[in-house]
Amino acid sequence: MQRLAPALREDNVPLDLISLIKTILAATKEISFRVSQAQLGDIMGSTSDENIQGEVQKKLDVVANDLFKDILLESGFVKAISSEEEDTSVAGEKDGKYLVSFDPLDGSSNIDINSLIGTIFSIHEAPSDMDASDPDMFKQAGHKQVCAGYVLYGPSTMLVMTTGRGTHFYVLDRTHGGYILVERNVQVPVDTQEFAINMSNQRFWQPAMQNYIGDLLAGDTGPRGKNFNMRWIAAMVGDIHRVLCRGGIFTYPTDSKNAKQPYKLRLMYEANPMAFLLEQAGALAMTSEGRIMDIEPTDIHQRVEVIMGSKNEVEACLSYYK
Ligand code: AFP
């Protein structure tokens, strides 16, 4: 088993990117500790504020966001950050080489029930000819990411990360405080009998998704000829981690629940980093119209339809949209 920095050097990751990754991970270790304190620390429950998405901020959302913001902006490596919890991008070092987008605490509704939560991050190179305060720097497609990952604060604290040379699993070793590589080049099985979707939205989906899920539910007596199991953690980090570990399809499809908001998940700090991790593990990450990482962003908080996971199952799902 290898420590993080030597593993990254083996993948020829540039030294300044390794330093940035170590900076991000320093914040995750602090969050991991705070999460483990639960009611013993002041992190449970909600604040009286809402974020730009109109969602009530949990205390831990704010704590995690502030930790990431401070550590990244002080690092010297970062030209600007954008976060689920910030209205717009925040300028850092004017000559900083990187842009970091993050969801400091994914799965906020799980905080108070001691269930799975995580941090998702995505790193792009910063354009050298733009001002650090210009949020347009972030309008870069997912295929330009130089690193993406998440940290899962579960029974163990795990880092799952790619720098474009495969997706690797690391575990936080509390005996010395570092992340240790435990699995290199994770591969998602191409076939699966497991799906993840919020079934309570069924009546709001488009006919293609209604038909697809209907056929999965019909099991071995339906057109798919096999039984499917369903799982829903309500935290994308948890659901995608399961897909990376044993295959599956995860989708948050277009729905008509709120006419102004047909999609739920955010492109820059949820869909793109997960898409990079999954594609590096041999899986697919799509909308019903194309590859997620080819979308040219128009806004740092834009939302997107997501259909991702085991290759053959994602293709089966997409065939219902043709
Ligand atoms: P929060 O981080 O705001 O709790 O959102 C979590 C999330 O964006 C994603 O991680 C989940 O997959 C999805 O929302 C859960 O959505 P439902 O509320 O429909 O279960």
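This table checks each residue for (1) without any contact (Cβ under 8 Å) to a residue 60 or more places away in the chain; (2) β-branched (Val, Ile, Thr).
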{"site": "Pro155", "(1), (2)": "yes, no"}
{"site": "Val188", "(1), (2)": "no, yes"}
{"site": "Phe195", "(1), (2)": "no, no"}
{"site": "Leu217", "(1), (2)": "yes, no"}
{"site": "Ile240", "(1), (2)": "no, yes"}
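Scanning the range 6-35 for residues that are open to solvent by 10 Å² or more (accessible area, probe 1.4 Å), within 20 Å of Arg174 (Cα to Cα) and in contact (Cβ under 8 Å) with a residue 12 or more places away in the chain yields Lys22, Thr23, Ala26, Lys29, Glu30, Arg34, Val35.
Kindly indicate whether any position in the range 39-53 is within 16 Å of the ligand (Cβ to nearest atom), assigned to a helix (DSSP H, G or I) and not hydroxyl-bearing (Ser, Thr, Tyr). Taking every residue of the range 39-53 in turn, none turns out to be within 16 Å of the ligand (Cβ to nearest atom), assigned to a helix (DSSP H, G or I) and not hydroxyl-bearing (Ser, Thr, Tyr).
The set of residues in the range 92-115 being farther than 13 Å from Ala38 by Cα, open to solvent by 40 Å² or more (accessible area, probe 1.4 Å) and within 16 Å of the ligand (Cβ to nearest atom) consists of Ser109 alone. Exactly one residue out of Val146, Val160 is within 16 Å of the ligand (Cβ to nearest atom), in contact with a helix residue (DSSP H, G or I) (Cβ under 8 Å, 6 or more places away or on another chain) and in the same structural domain as Ile71 (by TED's automatic domain parsing): that is Val160. For the criterion of being touching a residue at least 40 places away in the same chain (Cβ under 8 Å), away from the ligand (no atom under 16 Å from the Cβ) and either out of contact with any helix residue (DSSP H, G or I) (no Cβ under 9 Å at 6 or more places or on another chain) or hydroxyl-bearing (Ser, Thr, Tyr) (or both), Ser89 passes. Applying the condition of being open to solvent by 50 Å² or more (accessible area, probe 1.4 Å) and not hydroxyl-bearing (Ser, Thr, Tyr) to the range 36-47 and asking which residue is farthest from the chain's Cα centre (by Cα) yields Leu40.
Per the listing Leu116, Leu217, the residue uniquely under 21 Å from the mean Cα position of the chain (by Cα) and at pLDDT 95 or above is Leu116. Apart from one condition, Glu50 fits all of (1) surrounded by fewer than 16 Cβ atoms within 10 Å (Cβ to Cβ); (2) modelled with pLDDT of 95 or more; the exception is (2).
The values are calculated or read from the model by the stated rules, or taken from the named source; none is laboratory data. Note that the structure is a prediction, hence the values are computed from the model and not measured. Backbone-built Cβ (ideal geometry, glycine too); neighbour counts: all protein chains shown. The area values use the complete protein model at the heavy-atom level, side chains included, leaving out ligands, DNA and RNA. Shrake-Rupley method; radii C 1.70, N 1.55, O 1.52, S 1.80 Å.
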